[in-house]
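Scroll down for the structure; my scribbles are underneath it.
The values are calculated or read from the model by the stated rules, or taken from the named source; none is laboratory data. As the structure is a computational prediction, the values presented were derived from the model and not from experiment. Quick reminder, even Gly has a Cβ in these numbers, built from the backbone with ideal geometry, and neighbours come from all protein chains shown. Side chains are part of the model used for accessible areas, which takes the heavy atoms of the whole protein and leaves out ligands, DNA and RNA. Shrake-Rupley method; radii C 1.70, N 1.55, O 1.52, S 1.80 Å.
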Amino acid sequence: MASVDGAKEPGAFVRQVARVVRAVPAGSVATYGDVALYAGRPGAARQVGMALRRAAHDEPDLPWHRIVNAQGGISTYKVGAGELQEALLRREGIVFRGGRIDLAAHRFRPEEPI
DNA sequence: TGTATGACAACAA
DNA sequence: CTTGTTGCCATAC
């Protein structure tokens, strides 16, 4: 059975990433590294970005904007997307200071394994 | 099978 | 603070 490992099925990582992202509540953010960790692939932070691009395209409702880099900044992949992401986060109550988010205050902390 | 790419991260200077 | 380097690993070709 596929279950959570699924390293054999193509796109398994993308689905795991999507699952983790859906667990991040409004008003909180998670770093790419965090998502990789919770997705079961610590160190695959870069792949989270690629996975997010696909996952967001596959599921428009996915809160992809809640994922930021380890510096609390926006890692834009397309012109305009960065401003959109910041706007969406502000709408959820996230505070930006010097173009950065205070991760200590907004970082997502799962109370249970994802 | 091997190489290149990329919405990152950690570290050195 | 900034810039450059290295490690990382799923996908694409």
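Taking 1.002 mPa s as the viscosity and 20 °C as the temperature, the Stokes-Einstein diffusion coefficient of the stretch A:19-87 based on its alpha-carbon Kirkwood radius rounds to 178 µm²/s. With all protein chains present, how much of the accessible area of chain A (probe radius 1.4 Å) comes from carbon and sulfur, to the nearest whole percent? Solvent-exposed carbon and sulfur of chain A make up 51 percent of the total. Against chain A, whose longest principal axis comes from its Cα atoms, helix A:12-23 is set at around 40 degrees.
In the stretch A:12-106, a dipole from Cβ-located charges (positive for Lys and Arg, negative for Asp and Glu) runs towards its positive end, and of A:Pro60, A:Ala105, A:Ala26 it is A:Pro60 whose Cα lies farthest in that direction. For the peptides A:50-59, A:104-113, the ranking by packing is A:50-59, A:104-113, with the highest mean count of neighbouring Cβ atoms within 10 Å listed first. Going 7 Å from the Cα of A:Arg19 toward and past its Cβ, which residues in the stretch A:66-82 have a backbone nitrogen under 20 Å from where you end up? Hits in the stretch A:66-82 for A:Arg19 at 20 Å: A:66-67. Close amide H pairs (under 5 Å, H built 1.01 Å from N) link A:Ile101 with A:Gly73, residues at least 5 positions away or on another chain.
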